[in-house]
Amino acid sequence: MSESAIKRRTKILSIATIILGVLAMGTPYAAGESMLMVIGILIAIAGVVRMIWALKSPTPGKGFSKVLLGVLTIFAGGAIMAHPLMASGILSILLAGYLVFDGIVEVIVALTLEGQPGRGWLFISGFLSLGLGGLMFMQTPFSGVYAIGVLLGIKLIVVGIASLSLGTTPLSYMKHTNPS
């Protein structure tokens, strides 16, 4: 794929990310609850996959423990879908941890992109993630579904702007950071 095609595709994806961020901020409860439902569905699907895996077990003892694990996983996914507000407290903690980790990684990557256009946006995105993660930790468990939606929206907007200003794909980041 040519460099111009990669940049064009990246611009389209960046703009779409910004639009999704604005939508998430405009409807934070819906965005947060939707995110929880998707997570619940994915966990339930993982439980079904574990059940299938259990059926292929060579011995009944190992199969039984895998079946129990599959049932527990399906139950966890169902619990998230049935009680999204309870799950939002747990997810708030996980999201806060993700934001802090993401912020650290973005700042480190920005440090490696010396002289690259858009480097400043990556710094801003990283520090914003660190700040948002810290705020969520301080507000847990009260941050809940609304905070998840708002923070998701803010993060999508900043990531979209950073990606748009860098005008490159994640694979190109590796070219800049990998000396070989």
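Where a number appears in this text, it was derived from the coordinates with a stated rule and is not lab data. Quantities reported herein were computed from a predicted structural model and do not represent experimental measurements. Positions of Cβ are backbone-derived with ideal geometry, glycine not excepted, and every protein chain shown enters the neighbour counts.
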Q | Nonlocal Lys pairs with alpha-carbon distance under 19 Å, the chain (8 or more apart, or different chains) | A | 4
Q.
Only four residue types carry charge here, +1 at the Cβ of Lys and Arg and -1 at the Cβ of Asp and Glu. Report the dipole size of the chain about the Cα centre in Debye, rounded to the nearest 20.
A. 520
**Q.** C-alpha long axis of helix 60-82 to longest principal axis of the chain, angle in °
**A.** 60
Q.
Give me LYS155, LYS66, LYS56 sorted ascending by neighbouring Cβ count inside 10 Å, so fewest comes first.
A. LYS56, LYS66, LYS155
Q) What label, among (i) 16.7; (ii) 18.3; (iii) 17.8, belongs to Kirkwood radius over Cα pairs in Å computed from the structure on display? A) (ii)
Q | Neighbour-count order for ARG8, ARG119, fewest beta carbons within 10 angstrom listed first | A | ARG8, ARG119
Q.
Using only the alpha-carbon atoms, how far is helix 84-112 inclined from the longest principal axis of the chain? Give it as 0 to 90 degrees, nearest 10.
A. 40
**Q.** For GLY118, residues with placed amide H under 5 Å, excluding near neighbours
**A.** none
Q) Between the helical axis of 3-26 and the dominant principal axis of the chain, each derived from Cα atoms, what acute angle in degrees is found, rounded to the nearest 10? A) 60
